[in-house]
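Worksheet: one structure, shown below.
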Amino acid sequence: MSKHQFYLSKCEDAASKSTMCFTLGAVLVKGGKIISSGYNHYRTHYDGDDSKNRGGKPLSMHAEMHAIYNAVVRSFSHR
């Protein structure tokens, strides 16, 4: 299995956690190592104040955003 196939299989693993109609997964890779993963999901705990402009809260979080969020949370929790 090539590296690309390995990373894609990890994206599929992450996507399998999604409860949305279209399941998507993402991984962040640094130096050949997976440092974070994420999947698209409904945003139930969003506290943004842009709801006034769009008529409601954003319904979902993209897989890439979730992977970045997870990486940031991990980096702060290790400090």
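The values are calculated or read from the model by the stated rules, or taken from the named source; none is laboratory data. Quantities reported herein were computed from a predicted structural model and do not represent experimental measurements. Note that we place each Cβ from the backbone using ideal geometry, even for glycine, and neighbour counts take in every protein chain shown.
Do you know which of the residues in segment 21-65 that are part of a loop (DSSP other than H, G, I, E, B) and under 13 Å from the mean Cα position of the chain (by Cα) is modelled with the lowest pLDDT? Explain how you work it out, then say what you get.
Just the residues of segment 21-65 that are part of a loop (DSSP other than H, G, I, E, B), to begin with: 21-24, 31-32, 40, 43-50, 55-59, 62.
Restricting the remaining residues to those that are under 13 Å from the mean Cα position of the chain (by Cα) gives 23-24, 40, 43, 62.
Details: T23: 96, L24: 97, N40: 95, R43: 80, H62: 93.
Checked segment 21-65; the qualifying residue modelled with the lowest pLDDT is R43.
Being in a loop (DSSP other than H, G, I, E, B) and more than 14 Å from the chain's Cα centre (by Cα) is the filter here; which residues of segment 1-20 pass it? Write out each step before concluding.
Let us first name the residues in segment 1-20 that are in a loop (DSSP other than H, G, I, E, B), namely 1-2, 16-20.
M1, S2, listed by residue number.
Quick one: in segment 19-33, which of the residues that are surrounded by 12 or more Cβ atoms within 10 Å (Cβ to Cβ) and free of Cβ contacts under 8 Å to residues at least 40 places away in the same chain is nearest to S75 (Cα to Cα)? Even if it seems obvious, please write down each step before you answer.
Step one: of segment 19-33, the residues surrounded by 12 or more Cβ atoms within 10 Å (Cβ to Cβ) are 20, 23-29.
Those still in the list that are free of Cβ contacts under 8 Å to residues at least 40 places away in the same chain too: 23-25, 29.
Working: T23: 26, L24: 24, G25: 21, V29: 15 Å.
It comes out as V29.
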